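Shown next, in structure tokens, is the structure this report addresses.
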Amino acid sequence: MATWACGSCGGENPEGMSFCGHCGAPADSPWRCADCGGENLPATRFCGHCGAARSEVAQAPQEPERDVADALRSFVAEQVADVLIEAGDKLPEERRLITALFADVSGFTSLADRLDPEDLLEVIDPVISGLSSIVGRYEGYVEKFAGDALLALFGAPVTHEDDAERALHVALEMHSELARLCADLPHDAELTLHVGVNSGHGIARILGSEARMDYAVLGDSVILAQRLESAAPPGETYVSEMTVRLAESRFDFEPVGELTLKGKSEPVAAWRLVGPRARGRSATRKGVSTELVGREQELAVLSDTLDRLAYGAGAVVALTGEPGVGKSRLTAAARARAEERGFQWLEGRCVSYGAGLAYWPYLELFRDFAGIRIDDATEGASARLAGALDSIGIREELPFFGRLLGLTSTDTSGEAARLEPEAFRRALHRAFAVWVEAAAREQPLVIAIEDVHWADASTIALTGELSSMCLRASVLLYLIARPEGDSVLGEIAAERTTIRLESLGESGVDALIESILESSSPAGLASFVARRTAGNPFFVEELLRSLRETNALVRENGSWTMRPGWDARTLPETIEEVLSARIDLLPRTAASALQTASVVGRRVPLPLLEEVATDVPDLSGAVDHLVASAFLDHIQEEGERALSFHHALVQDTAYSRILRRRRRDLHRKVAEVAEGLYGAGDNAIDLLARHLYLGEAGPKAFDYLVR
Ligand SMILES: Nc1ncnc2c1ncn2[C@@H]1O[C@H](COP(=O)(O)OP(=O)(O)OP(=O)(O)O)[C@@H](O)[C@H]1O
Ligand SMILES: [Mg+2]
């Protein structure tokens, strides 16, 4: 087999690899001499500057901090850059769930034969910068360029709960961006793009001041993404099973069967990315498959509000609750009630990457109103919009909504098209007010905005204006948000009815499990699941799915039983994505206190934490923050001040991110401190033995266990 030697570490690699499998350097990268620091051509073995034999790689020269910061900001999103800069080289190594996107542009090679290098750059530069700026917009991290390939990571250094979805949006936009660029490129460049996407666990760390991720240790995830890319036909994106699983509620995929990929002994199942899923009737994570459990009281409040709407009494209602608690599910039930009464229900969703997308939920809502598909900007779409406005007698507003929806065929010469942004904004808000009034004259109207905690500034402003109108018309403005959206809700409407959705109790969890299993649940399962999930229905569903998939929960002769010996700590990736994203939103000191606490246990005595977490500068500030954001609760235990994880799954997620070596050290430290605090008396033995065992301090743990 033909091989090449890596310019960076000297490792041998098979021909055709774009990156070194040993250190992750691009295939054609130069190497730096350890003695004199001079840069040398890739394939050379001696330094051309000083004659020294090639050995260890010297550190890249230290760049002044500000330059690094500026450079970073120019190619990653602000939030990602901030994390990198704040951390310096102290960003801890962590095990993360990462989605890797590998994109390869083909067609450069034939161009390279025809063009001289300078002309070739004229083609390559706009393509590479066009593609990588898309990654930045979705807060991904462009890990590497190698010739005509690009590797982007989502999930490190910053995790979002929808990293897999972001990667897929990026893939789709890359294909359309390349098509657009090709039309303008010089030299008749005919380029095509192949993309592969895969999600999996890896270790993220930052290498030196370059803030490069050492993705060599990310291993398999990245390699599989690259293999999928190489199997994808031009213009297509191939996706692995794990990514499909993480994104299936928002995207459509088509199976392409099992692929035999180079370097993989087993065939790998792959899917073709079709596109974003046409919006269903609700925005629940999984679609509404099970019966609605509980929520009678909340539904009664909503039904009353709807009844009053029929008499012209509008309202602003906010529904708040933690992720996965069932806000969207309850909303689906409320929508059914509204539609039973013959009311019109229009819905738009704010998106986590939408801060820069003005009026996003209103675009969705208005397309819904006019019956226009998301990618339809044709004359047919304009005609439908005109018809919809006509039906409520406000056709004259067509140019404003046409411009908002990007329907150029509506009116390119009129007043609306020529307005400056600020004047257009005012005119648009006025048009919306006219529309709401006219639409509600026909029949009561519900305007539902989902996930308001992610609302962009223009959405907040417009919704605020509409909220004051609602009270005077048959309009219900129904706003759904997570707790962190409270301040945005306050900005939108000072006067509102708020429904706070709480987790399900144990009997609710039991009912939910029965409706998922379609039969009664085995003894002990409901209380186990309730304890693990704290009654969060999303976590209940995912935990159950994971128990079934790992054969911990099996159906035998028509009834379900639990298999002994399964690992209660395995964490479904879907849950991990959500919780990891919440941890990443924490300030670093709080995140690090949370991790140390996760090593101590579900219950964390404060004096113990104080002595273990000595590397957290302001521990009490960090703890306050964690309590305020519902990660931890204060409890009193046997007269001792203690903390308890609000959620066992939060503890697991935080714990799962710590690398084994550090875990081991922390467990040992916990044991040491505990022995100092509580002695080695009978009531401390269990604690000591557990931490010594997990700290891999075998013999000593054994001593305690046999006592
Ligand atoms: N009361 C319920 N009965 C049955 N299933 C429920 C109930 N509440 C939630 N679920 C299910 O749990 C999952 C999560 O619920 P949902 O998507 O409504 O949460 P959410 O509060 O909207 O979360 P997010 O803030 O992430 O949008 C969904 O699959 C939903 O169908
Ligand atoms: Mg929701």
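Anything in the range 322-343 that is away from ligand 2 (no atom under 16 Å from the Cβ) and either basic (Lys, Arg) or not assigned by TED's automatic domain parsing to the domain that holds Glu422 (or both)? List them, or say none.
Selection gives Arg337, Arg341.
Could you count how many residues in the range 321-339 are more than 9 Å from ligand 1 (Cβ to nearest atom) and touching a helix residue (DSSP H, G or I) at 6+ places or on another chain (Cβ under 9 Å)? Reasoning before the result, please.
Kept after step one, since they are more than 9 Å from ligand 1 (Cβ to nearest atom), are these residues of the range 321-339: 334-339.
Now restrict to residues that are touching a helix residue (DSSP H, G or I) at 6+ places or on another chain (Cβ under 9 Å): 334, 337-338.
Of the residues in that region, 3 qualify.
Restricting to the range 294-306, give me the number of residues that are over 15 Å from Cys470 (Cβ atoms) and more than 16 Å from ligand 2 (Cβ to nearest atom).
The total comes to 8.
So, Phe366, is that one over 27 Å from Phe251 (Cβ atoms) and of a type in the set (Phe, Trp, Tyr) or not?
Numbers: over 27 Å from Phe251 (Cβ atoms): no; of a type in the set (Phe, Trp, Tyr): yes.
No, not satisfied.
Conditions: (1) at pLDDT 80 or above; (2) outside the structural domain of Leu168 (by TED's automatic domain parsing); (3) open to solvent by 40 Å² or more (accessible area, probe 1.4 Å); (4) not acidic (Asp, Glu). Pro267 meets all but one. Number of the miss?
Condition not satisfied by Pro267: (2).
Quick check on my filter: what residues within the range 503-523 are within 16 Å of ligand 2 (Cβ to nearest atom) and more than 19 Å from His647 (Cα to Cα)? Working first, answer last.
Step one: filter the range 503-523 for residues within 16 Å of ligand 2 (Cβ to nearest atom), giving 503-504.
Those that are within 16 Å of ligand 2 (Cβ to nearest atom) and more than 19 Å from His647 (Cα to Cα): none in the range 503-523.
Can you pull out every residue in the range 594-625 that is more than 19 Å from Arg532 (Cα to Cα) and either among the hydroxyl-bearing types (Ser, Thr, Tyr) or touching a strand residue (DSSP E or B) at 6+ places or on another chain (Cβ under 8 Å) (or both)?
Thr596, Pro605, Leu606, Pro607, Leu609, Thr614, Ser620, Val623, listed by residue number.
Scanning the range 270-284 for residues that are within 16 Å of ligand 1 (Cβ to nearest atom) and surrounded by fewer than 17 Cβ atoms within 10 Å (Cβ to Cβ), which turns out modelled with the lowest pLDDT?
Checking each candidate, the answer is Arg281.
What is the residue count in the range 120-134 for residues that are more than 13 Å from Asp184 (Cα to Cα), under 30 Å from the mean Cα position of the chain (by Cα) and hydrophobic (A, V, I, L, M, F, W, C)?
3
Among the candidates Leu319, Leu309, Leu346, which residue alone is modelled with pLDDT of 90 or more, within 16 Å of ligand 2 (Cβ to nearest atom) and closer than 29 Å to Ser468 by Cα?
Checking each option against the conditions leaves just Leu319.
What single numbered condition from (1) modelled with pLDDT under 80; (2) among the aliphatic types (A, V, I, L, M); (3) under 26 Å from Arg277 (Cβ atoms); (4) surrounded by fewer than 16 Cβ atoms within 10 Å (Cβ to Cβ) fails to hold for Ala179?
The one condition Ala179 does not meet is (1).
Looking only at the range 454-487, which residues are touching a Ser or Thr at 6+ places or on another chain (Cβ under 9 Å) and over 16 Å from Leu306 (Cα atoms)?
Trp454, Ala455, Ile480, Ala481, Arg482, Pro483, Glu484, Gly485, Asp486 - these are the residues of the range 454-487 that are touching a Ser or Thr at 6+ places or on another chain (Cβ under 9 Å) and over 16 Å from Leu306 (Cα atoms).
Being at pLDDT below 80, among the small types (Gly, Ala, Ser) and in a loop (DSSP other than H, G, I, E, B) is the requirement here; does Ala216 meet it?
no
Filter the helices (runs of 4 or more DSSP H) completely within the range 397-494 down to those with at least 3 residues that are among the charged types (D, E, K, R) and away from ligand 1 (no atom under 16 Å from the Cβ).
Here the list reads 421-442.
Check Ala416 against each of (1) at pLDDT below 85; (2) surrounded by 20 or more Cβ atoms within 10 Å (Cβ to Cβ); (3) out of contact with any Phe, Trp or Tyr (no Cβ under 6 Å at 6 or more places or on another chain) and name the one condition it does not meet.
(3)
Can you tell me which residue is surrounded by the most Cβ atoms within 10 Å (Cβ to Cβ) among those in the range 484-496 that are among the hydrophobic types (A, V, I, L, M, F, W, C) and within 16 Å of ligand 2 (Cβ to nearest atom)? Steps first, answer last, please.
First, pick out the residues of the range 484-496 that are among the hydrophobic types (A, V, I, L, M, F, W, C): 488-489, 492-494.
With the extra rule that they be within 16 Å of ligand 2 (Cβ to nearest atom), the set shrinks to 488-489.
Values: Val488: 20, Leu489: 24.
In this case the residue turns out to be Leu489.
Would the range 308-316 turn up any residue that is within 16 Å of ligand 1 (Cβ to nearest atom) and closer than 21 Å to Val475 by Cβ?
Start the filter on the range 308-316 by keeping residues that are within 16 Å of ligand 1 (Cβ to nearest atom), which leaves none.
Scanning the range 308-316, I find no residue that is within 16 Å of ligand 1 (Cβ to nearest atom) and closer than 21 Å to Val475 by Cβ, so the answer is no.
Of the numbered conditions (1) out of contact with any Gly (no Cβ under 9 Å at 6 or more places or on another chain); (2) over 29 Å from Val293 (Cα atoms); (3) exposed (fewer than 15 other Cβ atoms within 10 Å of the Cβ), Trp435 satisfies every one except a single condition; which is it?
Trp435 satisfies all of (1) out of contact with any Gly (no Cβ under 9 Å at 6 or more places or on another chain); (2) over 29 Å from Val293 (Cα atoms); (3) exposed (fewer than 15 other Cβ atoms within 10 Å of the Cβ) except (3).
As an exercise: evaluate Ile499 against (1) more than 11 Å from ligand 1 (Cβ to nearest atom); (2) open to solvent by less than 20 Å² (accessible area, probe 1.4 Å); (3) over 23 Å from Gly485 (Cβ atoms) and give the number of the one condition it does not meet.
It is condition (3) that Ile499 fails.
Ala481 fails exactly one of the following numbered conditions: (1) surrounded by fewer than 19 Cβ atoms within 10 Å (Cβ to Cβ); (2) in the same structural domain as Leu346 (by TED's automatic domain parsing); (3) touching a residue at least 60 places away in the same chain (Cβ under 8 Å); (4) small (Gly, Ala, Ser). What is the number of that condition?
The failed condition is (1).
As an exercise: evaluate Tyr478 against (1) of a type in the set (Phe, Trp, Tyr); (2) at pLDDT below 90; (3) under 20 Å from Leu302 (Cα atoms) and give the number of the one condition it does not meet.
(2)
Tell me which helices (runs of 4 or more DSSP H) are completely within the range 548-645 and hold 2 or more residues being at pLDDT 80 or above and open to solvent by 70 Å² or more (accessible area, probe 1.4 Å), or say none if there are none.
Of the helices (runs of 4 or more DSSP H) lying wholly inside the range 548-645, those with at least 2 residues that are at pLDDT 80 or above and open to solvent by 70 Å² or more (accessible area, probe 1.4 Å) span 606-612, 619-628.
In the range 502-527, which residues are surrounded by fewer than 20 Cβ atoms within 10 Å (Cβ to Cβ), in a loop (DSSP other than H, G, I, E, B) and more than 30 Å from the chain's Cα centre (by Cα)?
Glu518, Ser519, Ser520, Pro522, Ala523, Gly524, listed by residue number.
Here's the yes/no breakdown for (1) surrounded by fewer than 22 Cβ atoms within 10 Å (Cβ to Cβ); (2) in a helix (DSSP H, G or I); (3) at negative phi:
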{"position": "Gly312", "(1), (2), (3)": "yes, no, no"}
{"position": "Pro323", "(1), (2), (3)": "yes, no, yes"}
{"position": "Ala332", "(1), (2), (3)": "yes, yes, yes"}
{"position": "Arg335", "(1), (2), (3)": "yes, yes, yes"}
{"position": "Glu339", "(1), (2), (3)": "yes, yes, yes"}
{"position": "Ala358", "(1), (2), (3)": "yes, no, yes"}
{"position": "Leu363", "(1), (2), (3)": "yes, yes, yes"}
{"position": "Arg367", "(1), (2), (3)": "yes, yes, yes"}
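The values are calculated or read from the model by the stated rules, or taken from the named source; none is laboratory data. Given the structure is predicted, the values throughout are model-derived calculations rather than measurements. No Cβ is skipped: glycine too gets one built from the backbone with ideal geometry, and neighbour counts run over all protein chains shown. Calculation scope for accessible area: heavy atoms of the full protein, side chains included, ligands and nucleic acids excluded. Shrake-Rupley method; radii C 1.70, N 1.55, O 1.52, S 1.80 Å.
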